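In what follows, a single structure is set out as structure tokens and then discussed.
The values are calculated or read from the model by the stated rules, or taken from the named source; none is laboratory data. All values reported here derive from a predicted model rather than from experimental measurement. Don't worry about glycine lacking a Cβ; one is built from the backbone with ideal geometry, like all the others, and counts go over all protein chains shown. Keep in mind that these areas ignore ligands, DNA and RNA; they rest on the heavy atoms of the full protein, side chains included. Shrake-Rupley method; radii C 1.70, N 1.55, O 1.52, S 1.80 Å.
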Amino acid sequence: MTGHLPPAPAAPQQHEDGPGLRAELREAVLVTVGVALVGLALGALWLWLAPRVPLVSDATAVYLKDTEGEQAIGVDGTFALLGLAFGVVTGAAVFLWRRRGGVPLVVGLALGSLLGGVLAWRFGVWLGPTQNVAAHAKELGKGVVFDAPLELNAKGALLAWPLAALVVHVGLTGLFGPRDPDPYFATPYGVQEGS
């Protein structure tokens with residue numbers, strides 16, 4: 001008399017989980033370069049939207065025209081808010097382009113947005129008023145009001161873009177990304193495959 005043994009569980013099916021490491025690395029490089037180049041737009045917008053810090057010169061030194069003004073803080077705040085907005089847009093755009101996560105893609109997004117923030121900062125400073133304040137004051141003459149160079153004093157604002165981009169991308173991937181099948185609950189309890 002032979003006992004009835006339950007059928008052996010089926011071997012898990014082997015399937016491709018994604019495009020492959022080489023393709024993921026290529027996509028990550030594209031994301032890094034593309035997102036970093038968007039930093040040029042952020043730099044131009046920062047220059048356009050940031051408040052101006054007025055300076056005035058007497059014959060010997062350069063002073064703030066409004067010593068109690070908050071324009072310098074507004075310059076940093078404008079950069080941070082623009083960085084958050086760019087992070088939301090680029091995080092969503094990368095998700096819509098590739099509807100799956102993946103470590104290389106997320107690292108590319110983080111690195112690209114950090115490089116984009118640095119590029120935006122340097123590009124905005126380059127486009128803005130001259131950095132040589134003393135020579136500019138001497139050229140304009142005594143008592144003439146002029147704009148201070150664009151400066152980013154709160155360097156932590158450079159992290160606004162990468163953080164926003166990662167939060168949006170990871171959130172969208174978690175909510176709308178593809179799901180991996182659960183191998184333990186693929187079939188209801190007590191029901192054998194093929195029956």
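Could you compute the FRET efficiency for ARG179 and LEU40, with r as their C-beta to C-beta distance and R0 at 30 Å, rounded to 0.05?
0.20
Among 71-83, 104-116, 138-150, how do they line up from the highest to the lowest mean number of other beta-carbon atoms within 10 Å?
Order by mean packing, descending: 104-116, 71-83, 138-150.
For a Förster distance of 35 Å, can you work out the FRET efficiency between the beta-carbons of VAL33 and ILE73, rounded to the nearest 0.05?
0.60
How much area per residue is accessible in segment 72-150 when the probe is 1.4 Å and only protein heavy atoms are counted (Å²)?
51
For LEU127 and ALA154 in the same chain, what is the full-extension length gain: residue separation times 0.36 nm, less their Cα-Cα distance, in nm?
Net length gain for the segment: 7.8 nm.
Treat each spin label as a single point 7 Å out from the Cα along the C-beta direction, and report the VAL107 to ARG26 distance in nm.
1.8
In whole percent, and with a 1.4 Å probe on the protein chains, what portion of the accessible area of segment 31-138 is carbon and sulfur?
In segment 31-138, the share of accessible area belonging to carbon and sulfur is 70 percent.
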